[in-house]
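Right, one structure below, let's go through it.
The values are calculated or read from the model by the stated rules, or taken from the named source; none is laboratory data. Source: prediction; values computed, not measured. Virtual Cβ from ideal backbone geometry, glycine too; neighbours counted across all protein chains shown. Protein only, heavy atoms only, side chains kept; ligands, DNA and RNA dropped before computing areas. Shrake-Rupley method; radii C 1.70, N 1.55, O 1.52, S 1.80 Å.
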Amino acid sequence: MNRSDCAPRIALLYPGDRAARDRADPAASRFAALFDAFAAAGMAAEPAVWNEDFADEVRQQLLGGVQAVLVWCNPIEQGRRRDRLDGLLQQVAQSGVWVSAHPQAVQRLGTKDVLLATRDLPFGSDVHRVDSPAQLAQELPSRLAAGPRVLKQQRGHSGIGVWRVEALAEGGLRVQHAQRGSAPQTMSLPELQTLLAPYFSAEAGGHLIDQAWQPRLREGMVRAYLVQDRVAGFGHQAINALHPDTAEPGARIYHGPDLAGFQDLRRQLETDWVPRLCRQVGLAQEHLPLLWDCDFLLGEREVGADERYVLCEINVSSVSPFPPSCIDALVAAVQRRLAAAAGVATD
């Protein structure tokens, strides 16, 4: 028996079509560096290309001796939701395979509902839940009188279903979709109700989250990447899709965990905020995703006070790309998890 036959098997699951599964090549994938890192650590990582059209084939792969499944799949992918995938992953986890992120962790951390759950924590903000177009029409005008709002569908990615709404002095609303390439629109409140009505369907989550606009968005957004409960890198984006002065978002620049200027944020996350977050959403820290990230905006603060960070969203379903600094931390976390499951002591 050679060394590879004894190596733990790790499946990296990501979406694709039949051709992508048939020709899956770790060296040619967007996770090539991660595949190499697992190999260097003595673990056999393999692609598990997912599509509902061959779900049973993927199920057989994941139940065929894999020790861990690391998942990169958006909540909405080419018009499809991941309900069937979540069911499969729950079945795989129940069989004893480690799944990250587990669907339960995705549900508790990776939807916009986390903004409501954490609104009273140090990184929280003025957030409300809206359950119908009628409630939207009743409550939104008074909130807009205090400033712009951002309305967010329960689950999404890439700015899809995130809308900035501002009341115009001459009447009407200025509405901007956060999806790349969208242009501002002027409309009435009834037109906004019609526009947002699909998000109130059961399939779309049944409600919206209404969050106060953060004026300091002009100063950029910082993304903290975490491997379980430790910060493993940062991403900084000076201009995002809702930046009020331009419609063209800029690139996110990636950094390691020691980036100057954000060490206070790192300290607060690791020592206080992540434990509080877990308690608030009812998720044990040992069930945190292997790789996840938090987007923060800069909040209003008093002169001389510490920097204030406001949670914008948490990404759990498909955290990619990510800083290279995350790779070694991620591989080490998998090693520790598998060693613990096997009853092997580690340093």
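Quick notes on this one:
- Most mobile of A19, A11, A39 in a GNM of the chain (Cα contacts under 10 Å): A19
- Split the accessible area of region 115-228 by element, probe 1.4 Å, and carbon with sulfur accounts for 52%.
- Distant-in-sequence amide H partners of A48 (H built 1.01 Å from N, under 5 Å): L12, L13, Y14
- A dipole drawn for the chain from +1 and -1 charges on Cβ atoms has a positive end, and of C326, L89, M221 the residue lying farthest that way is L89.
- Annotation: amide H of H207 within the under-5 Å range of Q154, sequence separation 5 or more or interchain, hydrogens built in the peptide plane.
- If a spin label sat at a point 7 angstrom from the Cα of D229 along the line to its beta carbon, the backbone N atoms of region 292-333 nearer than 16 Å would be those of 292, 333.
- The label-point distance for R23 and I160, in a model that sets each label 7 Å from Cα toward Cβ, rounds to 2.5 nm.
- Residue with peak Gaussian network fluctuation, the chain [Cα springs, cutoff 10 Å], from T194, T186, T118: T194
- q = 0.09, 0.12, 0.15 Å⁻¹: log10 I(q)/I(0) that the Debye formula gives for region 9-159, counting C-alpha atoms only: -0.41, -0.65, -0.86
- Calculated on the alpha-carbon coordinates, the convex hull of the chain measures out at 153 cubic angstrom per residue.
- Note on D36: accessible area is roughly 100 Å² with a 1.4 Å probe, heavy atoms of protein only.
- For peptides 302-311, 62-71, 107-116, 281-290, sequence by mean Cβ density within 10 Å, most packed first: 107-116, 62-71, 281-290, 302-311
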